[in-house]
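K.L.:
This structure is in structure tokens; I'll ask about it shortly.
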Amino acid sequence: MRASFLACPIDLLTMAETVELARGAMRSRGRLQHVALNVAKFVKMRSDPVLAADVANSDIVGIDGMGILWGARAVGLPARARVAGVDLLAELLAVCAREGFKPYFLGATQAVLHSAMQRARERHPSLAFAGWHDGYFKPEQESDVVRDIRSSGADCLFIGMPTPRKERFLAAHRDDLGVPFIMGVGGAFDILAGTVRRAPALVQRLGLEWLYRIYQEPGRMWWRYATTNTLFASILAQALVKQAIQHTLGAPGSVPPGASRIGG
């Protein structure tokens, strides 16, 4: 079910529903592109219309961050669950191992990529990869990377490159990749490889993974989260005030709680 959250499309799907859609795409060989939406990407979209268009043109816009989940619920959307990208990757690798689908990993450094693949094989001994390529290729090498992905016969492609680079790569080449299910995974390869530790489950449930990331990488992460979280809180607060005024005054075009059209 697609809805609009502060003028951004989101799909109100559970993990099981998302996995089943991906599985169906791999079986039918019909293309399905998934993008994971968190607070940082949401804020970046507000000032980057190209990124916003790339996200809107994706087949599934999943709720990756707890901030998006809580925000959607706050404005009345029936968002049931968060579908974290790293958890979705783990679920889909298990599906690949069970059903013989072959994933392709694109992104990160060669060392991280090889470690991530090794750990995935240790967890799923029957898992076979279609191929892999690190994310540090030059623009003039893109056509070679695309050709390698296409010739690999991959059933799913997981891209661990930063925003908006992966969105730009997909916008330019997704029709040429020949891969049924495509998904950006952010820094999930680092977590899978063990080079970055994920927050404990309780910290995840409390929506404080960002604080855990700052604890691990204060020099790189504190300013990013300080700015994006503050901007997101401000955008959400303004929307809630506007919504409350519309309901109180009965303004034309006001949106009742639970409706899918939320202005922003």
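K.L.:
Hey, rough spin-label estimate for Asp87 and Glu142, points 7 angstrom out along Cα→Cβ, what's it come to in nanometres?
P.N.:
Placing both labels 7 Å beyond Cα along the Cβ direction yields 3.4 nm.
K.L.:
Order the peptides 235-246, 13-24 from the highest to the lowest mean number of other Cβ atoms within 10 Å of their residues.
P.N.:
Answer by packing, highest mean first, reads 13-24, 235-246.
K.L.:
Still on this model: Work out the charge dipole of the chain with +1 on the Cβ of Lys and Arg and -1 on the Cβ of Asp and Glu about the Cα centre, then indicate which of Ala188, Ala36, Gln246 is farthest towards its positive end.
P.N.:
Towards the positive end, the residue furthest out is Gln246.
K.L.:
Positive end of the charge dipole of the stretch 2-196 (Lys, Arg +1 and Asp, Glu -1 on Cβ, about the Cα centre): tell me which of Gly131, Ile63, Pro78 has its Cα farthest that way.
P.N.:
Pro78
K.L.:
Let me ask something else. Just how many pairs of Lys in the chain have C-alpha atoms closer than 28 Å, counting pairs that are eight or more places apart or on different chains?
P.N.:
9
K.L.:
Could you order the peptides 95-108, 45-58 from most to least packed, using the average number of other C-beta atoms within 10 Å per residue?
P.N.:
Most protected by this proxy first, the peptides run 95-108, 45-58.
K.L.:
Heavy atoms only, probe 1.4 Å: what % of the accessible area of the chain goes to carbon and sulfur, would you let me know?
P.N.:
57
K.L.:
Next question. Tell me the relative contact order for the chain as a rounded percent, counting alpha carbon contacts under 8 Å between residues six or more apart.
P.N.:
On the way: 411 pairs, mean separation 65.0, N = 264.
Relative contact order of the chain: 25 percent.
K.L.:
By average Cβ neighbour count within 10 Å, what is the ranking of 69-80, 116-127, 158-169 from highest down? All intermediate terms of the calculation are to be shown ahead of the outcome.
P.N.:
Values: 69-80: 18.4, 116-127: 15.0, 158-169: 20.5.
Per-residue mean Cβ counts within 10 Å order the peptides as 158-169, 69-80, 116-127.
K.L.:
Continuing with the same structure: Hey, rough spin-label estimate for Ala74 and Ala16, points 7 angstrom out along Cα→Cβ, what's it come to in nanometres?
P.N.:
It works out to 3.0 nm between the two label points.
K.L.:
Pick from Ala188, Ala171, Ala226: which is most flexible by mean-square fluctuation in a GNM of the chain where alpha carbon atoms under 10 Å apart are linked?
P.N.:
Highest fluctuation of the listed residues: Ala226.
K.L.:
Starting from the Cα-Cα distance between Arg121 and Thr248, subtract it from 0.36 nm times their residue separation and give me the gain in nm to one decimal. Don't skip to the answer; put the middle values down first.
P.N.:
Values: separation 127, 0.36 × 127 = 45.72 nm, distance 5.69 nm.
Taking 0.36 nm per residue and subtracting the Cα distance, the gain is 40.0 nm.
K.L.:
Using the Cα centre of the chain as the reference point, and only Cβ charges (+1 on K/R, -1 on D/E), how large is the resulting charge dipole? Debye, rounded to the nearest 20.
P.N.:
460
K.L.:
Right, next: Go ahead and run the numbers for FRET between Arg197 and Asp176, Cβ-Cβ distance against an R0 of 45 Å, rounding to 0.05. The partial results should precede the final answer.
P.N.:
On the way: r = 36 Å, r/R0 = 0.81.
Between Arg197 and Asp176 the formula returns 0.80.
K.L.:
Which whole-number percentage describes the relative contact order of the stretch 39-111, with Cα contacts under 8 Å and a sequence gap of 6 or more?
P.N.:
20 percent.
K.L.:
Turning to a different aspect of this structure: Relative to the compact globular guide of 2.2 N^0.38 Å, what is the alpha carbon radius of gyration of the chain, as a ratio?
P.N.:
Cα-based Rg divided by the globular estimate yields 1.03.
K.L.:
What helices does the chain hold that run 18 Å or longer along their axis, going by alpha-carbon atoms, with a Kyte-Doolittle average of -0.5 or more, using DSSP H for the helix calls?
P.N.:
Span-like helices in the chain: 15-28, 85-99, 218-249.
The values are calculated or read from the model by the stated rules, or taken from the named source; none is laboratory data. Since we're looking at a predicted model, the values are computed, not measured. Cβ: placed from backbone, ideal geometry, glycine included. Neighbour counts: every protein chain shown. Surface accessibility is based on the protein's heavy atoms, side chains included, excluding ligands, DNA and RNA. Shrake-Rupley method; radii C 1.70, N 1.55, O 1.52, S 1.80 Å.
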